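The values are calculated or read from the model by the stated rules, or taken from the named source; none is laboratory data. Because the structure is predicted, anything quoted here is derived from the model rather than measured. In this analysis, Cβ positions are derived from the backbone assuming ideal geometry, glycine residues included, and neighbour counts consider all displayed protein chains. Just the protein is used for accessible areas: all its heavy atoms, side chains included, with ligands, DNA and RNA removed. Shrake-Rupley method; radii C 1.70, N 1.55, O 1.52, S 1.80 Å.
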Amino acid sequence: MAAYLARRIGQSLLTVFLTLTTVFLLVRLAPGDPAAAYAPPTASSADLQRIRAQFGLDGPLITQYGIFLRDLFTGDLGTSYSFRAPAFDVVMDRMPYTITLAVSAIAVTTVIAVPLGVWMARRADTKRELGANVLTIAGQSMPDFWTGVMLLTVFAVLVPVLPASGFTSWSGLVLPTVTVAILQLALVSRLVRREMTVALAAPYTTVARSRGVSERALAWRYGLRNSAVPLLTALGTRFAALLNGVVVVEVVFGWPGVGSLVVRALATRDYPLIQATVVVTATLAILVQLIVDLAYPLLDPRVRLGKAA
């Protein structure tokens, strides 16, 4: 266990470092000048050069990277150009909103998608299962922005029972959660259906059925338990992706999370803020994946640490 943890933590740190290095290079090689974004329209070339020096962008790229690494290992992710505050603090102020949205969306997905997937598997190749399949495929095909706009139109404009944007009360969480959960629900329920169909056709299920085990017990005690590893993988992967910010949904609903923060940072060429966001979200996503890996042996004794698929 100790060796596996050490190896996984080392891999995770290397992944974060390589990701951050890639982002550092890409944002600086992309077209655009941060100095021009923050300078007044009448700024001269000397003014632009002074702003670049203030931001630490006047030196060669390799020099900027060296300073970046030095500050990174001392815990300094720089000062946000637009907020005039430590970039890490700005990201951490927004992170609770993204975590809240991600947790609520995954909770709704799990509560609905798992029973739906089991129901579909028990009724495989029937008309009712075909109807459920059509609905899940439709949910999987709808873009987030379209779903969000439709929900806003119905529940915030035509029938104004829910807030249109922001997070002034818990009711403001409903529409963003439903928008995010619709796509996740379609993906997870179809995965559960596929895994459960295979499990219910396995030889051990046939033996259990011949011994008089009820169909409900076969589905929930045998089938779902043997489908738990791919289900956990799917939920963990989707949750990690949501922690990186559901950019479109956050913008549509004016949600104050890291997704909308990244959009602003990219628009204003706020390099420290972009880099801090990557550090925080990548670390959380990798931590979630590590927890999922460690949970495999608890669900399936055949899985050995270090060999989890």
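Can you sort 25, 77 by 1.4 Å-probe accessible area, starting with the largest?
Values: 25 65, 77 25 Å².
From most accessible down to least: 25, 77.
Could you tell me how far the Cα centroid of region 164-229 sits from the Cα centroid of region 94-129, in Å?
First find each Cα centre; the distance between them is then 7 Å.
Where does the chain land at 222 nm, in deg cm²/dmol rounded to the nearest 500, when only DSSP H runs of n ≥ 4 count, each adding -39500 (n - 2.57), divided by all residues?
That comes out to -23000 deg cm²/dmol.
Please compute the net charge surrounding residue 262, taking Lys and Arg as +1 and Asp and Glu as -1 over other residues with Cβ under 13 Å from its Cβ.
With Lys, Arg at +1 and Asp, Glu at -1, the neighbours total +1.
Assign one of three labels to the chain, namely rounded, prolate or oblate, based on the Cα gyration tensor with a ≥ b ≥ c the square roots of its eigenvalues; rounded applies when a/c is under 1.5, prolate when it is not and a/b is larger than b/c, and oblate otherwise.
Details: a/c = 3.27, a/b = 1.69, b/c = 1.94.
Oblate shape, in that a/c is at least 1.5 and b/c is the bigger or equal ratio.
What is the percent of Cα-Cα separations in region 49-182 that go past 21 Å? Walk me through the numbers on the way to the answer.
Details: 5669 of 8911 pairs.
Taking all Cα-Cα pairs of region 49-182, the fraction more than 21 Å apart is 64 percent.
I need the peptides 200-213, 130-143, 248-261 ranked by packing, meaning the mean over residues of other C-beta atoms within 10 angstrom, with the highest value on top.
By packing density, highest mean first, the sequence is 248-261, 130-143, 200-213.
Once the other residues with Cβ under 14 Å from the Cβ of residue 55 are scored (Lys, Arg +1; Asp, Glu -1), what is the net sum? Could the numbers behind the result be given before it?
On the way: positive: 28, 50, 52, 84, 269; negative: 33, 47, 58, 71, 270.
Spelling it out: positives minus negatives among the neighbours equals 0.
Give me the log10 of I(q) over I(0) for region 75-123 at q = 0.24 Å⁻¹, as the Debye formula computes it from C-alpha points; what are the numbers?
After summing over all Cα pairs, the log10 values are -0.84.
For region 98-195, with all protein chains present and a 1.4 Å probe, just round the carbon and sulfur fraction of the accessible area to a whole percent.
Working: 3530 of 4920 Å².
Percent of accessible area from carbon and sulfur atoms in region 98-195: 72.
Kindly provide log₁₀ I(q)/I(0) values, in the same order as q = 0.08, 0.18, 0.20 Å⁻¹, from the Debye equation applied to equal alpha-carbon scatterers of region 155-309.
-0.37, -1.10, -1.20
Taking the Cα centre of the chain as origin, sum charge times position over the Cβ atoms of Lys and Arg (+1) and Asp and Glu (-1), and report the length of that vector in debye to the nearest 20.
Computed about the Cα centre, the dipole is about 1380 debye.
Over all directions, average the projected area of the Cα convex hull of region 1-91 and note it in nm².
Details: hull surface 29.8 nm².
Here the figure is 7.5 nm², rounded to one decimal.
With no solvent and one point per C-alpha, what does the Debye sum give as log10 I(q)/I(0) for region 1-48 at q = 0.14, 0.18, 0.22 Å⁻¹?
Once normalised to I(0) and log-transformed, intensities are -0.57, -0.69, -0.81.
Report Rg/Rh for region 243-284, rounded to two decimals, where Rg is the Cα radius of gyration and Rh the Kirkwood radius.
Value, to two decimals: 0.96.
Given H placed on each backbone N at 1.01 Å, which residues far from residue 79 in sequence or on other chains put an amide H within less than 5 Å of it?
The list, which skips near neighbours in sequence, is 87.
Could you report region 81-137's accessible area per residue, 1.4 Å probe, as an integer in Å²?
On a per-residue basis, 52 Å².
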